[in-house]
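One structure is given here, and the rest of the page talks about it.
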Amino acid sequence: MLTKFLFLIFVTFLGFLFSYNPENIDFTVSITILFGIVSAIFIFIIEPSTDDISPISAAGIAAGIISASVLFLIIRELISYSPTPAEFIPYANIVTLIILLYTGVAIGLKKGSEADNREGGKYSSKKSAHKTLILDTSVIIDGRIADVAEAGFINGEVLVPKFIIKELQYIADSGEPIKRVRGRRGLDILKRMQQDIPNVNIKITGHDFPKIREADLKLVELAKKVNGVIITNDFNLNKVAGLQGVKVLNLNELSSALKPIVLPGETINILIAKEGKEEKQGIGYLEDGTMVVVDDARNCIGKQIEVSVTSVLQTPTGRMVFSKIKGTEHDMVSELNG
């Protein structure tokens, strides 16, 4: 940011030197302000939006600027020989230069984009079936995203906004030991993805939305701007993004989908770990952490028993399995009827 402000001051000063005329201070002030405004527009509006411009489009813009500059030199000479009053010639030159530059950039960008589409480059709209992936704080700290990427299920460019990195740094500097460990883990995960996983290109983007304070809402706005997909573990972010039409990939949902499937009628061996909420219920867990609710198993806490699956329920937080103790009267009747 300091560099940008220094550049702004430098360009504005150049405008002052270019236009300084002790006999026409108004002209000097006008040109100095104009240089400042134009440079500010470039630094704070145009430059941050160049991330999505392809090399071919950039070449088109450069060609447009060069053509506009050459044409301006010719037109400037013609203006100097025209009957235009001398005091208006500098203004006419400035207006001409602005119009030519705008036209050159617009045409160069358009033709460059058309050439990029014909080439089928990675910036081509015809090749943009894969949307940009954006990581949020929760999924970075979780760490499983690195394993998913390493396994080859995520490829290409993955965006990490600077405001997310700042949030990770803030957590890593926390006075609470648990938060500090989580923040440092998140930074280590990013470093691992940058250095050790070649099929993923972690891109740190400076896109920000100063008027928005919450990082989650900034992520949603960024996803809208770059037509991206947010990867998260945050249930609330999932809901907020969905309400605004932004696609979200929830890593917890992926984990749940990959858990081994048990079907009604199957027999499983399980340790009853604790009491259930309902009377006589016992609770056990599969190896992947799936909760198993067993009817009439409260007296079996601490024991390894065989149970028969009666139903499977998919919830927003994961899968739950309902079962009965194998060999109960209800189970025997079911087997006979089967």
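The values are calculated or read from the model by the stated rules, or taken from the named source; none is laboratory data. Every value quoted in this text rests on a predicted model; they were computed, and no experiment measured them. FYI the Cβ positions are ideal-geometry reconstructions off the backbone, even for glycines, and counts take in every protein chain you see.
Of note:
- Residue check, Asp188 modelled with pLDDT of 90 or more and loosely packed, with under 12 Cβ neighbours inside 10 Å: no
- Residue in the stretch 134-143 that is at pLDDT 90 or above, of a type in the set (A, V, I, L, M) and under 11 Å from the mean Cα position of the chain (by Cα) present: yes
- Residue in the stretch 230-250 that is among the aliphatic types (A, V, I, L, M) and within 28 Å of Val292 (Cβ to Cβ) present: yes
- Of all residues in the stretch 255-275, those that are touching a residue at least 60 places away in the same chain (Cβ under 8 Å) have Cβ atoms under 9 Å from Cβ atoms of residues that are assigned to a loop (DSSP other than H, G, I, E, B) and surrounded by 13 or more Cβ atoms within 10 Å (Cβ to Cβ), 6 or more apart or on another chain, in Ser256/Thr290; Lys259/Leu286; Lys259/Thr290.
- Qualifying residue in the stretch 25-35 (condition: at pLDDT 65 or above and touching a Phe, Trp or Tyr at 6+ places or on another chain (Cβ under 6 Å)): yes
- Test: residue in the stretch 150-160 that is assigned by TED's automatic domain parsing to the domain that holds Asn201, at pLDDT below 90, under 20 Å from Asp234 (Cα atoms) and touching a strand residue (DSSP E or B) at 6+ places or on another chain (Cβ under 9 Å): yes
- Of the residues making up the stretch 165-176, not a single one is touching an Asp or Glu at 6+ places or on another chain (Cβ under 8 Å) and crowded, with 16+ Cβ neighbours inside 10 Å.
- Considering residues of the stretch 219-233 that are buried (at least 20 other Cβ atoms within 10 Å of the Cβ) and of a type outside the set (Gly, Ala, Ser) only, the residue nearest to Glu167 (Cα to Cα): Leu219
- For the condition crowded, with 16+ Cβ neighbours inside 10 Å, at pLDDT 70 or above and in a helix (DSSP H, G or I), Phe72 qualifies.
- When Pro85 is tested against (1) at pLDDT 65 or above; (2) closer than 30 Å to Ile231 by Cα, just one condition goes unmet, and that condition is (2).
- Residue count for the stretch 267-322, restricted to those that are exposed (fewer than 13 other Cβ atoms within 10 Å of the Cβ), among the polar types (S, T, N, Q) and either out of contact with any strand residue (DSSP E or B) (no Cβ under 6 Å at 6 or more places or on another chain) or part of a loop (DSSP other than H, G, I, E, B) (or both): 4
- Of the residues making up the stretch 193-201, one or more are modelled with pLDDT of 85 or more, surrounded by 14 or more Cβ atoms within 10 Å (Cβ to Cβ) and not β-branched (Val, Ile, Thr).
- Each residue in the stretch 199-222 was checked for being under 13 Å from the mean Cα position of the chain (by Cα) and among the charged types (D, E, K, R), and 5 of them qualify.
- Looking only at residues of the stretch 234-253 that are small (Gly, Ala, Ser) and surrounded by 12 or more Cβ atoms within 10 Å (Cβ to Cβ), we find that the one that is nearest to Glu221 (Cα to Cα) is Ala241.
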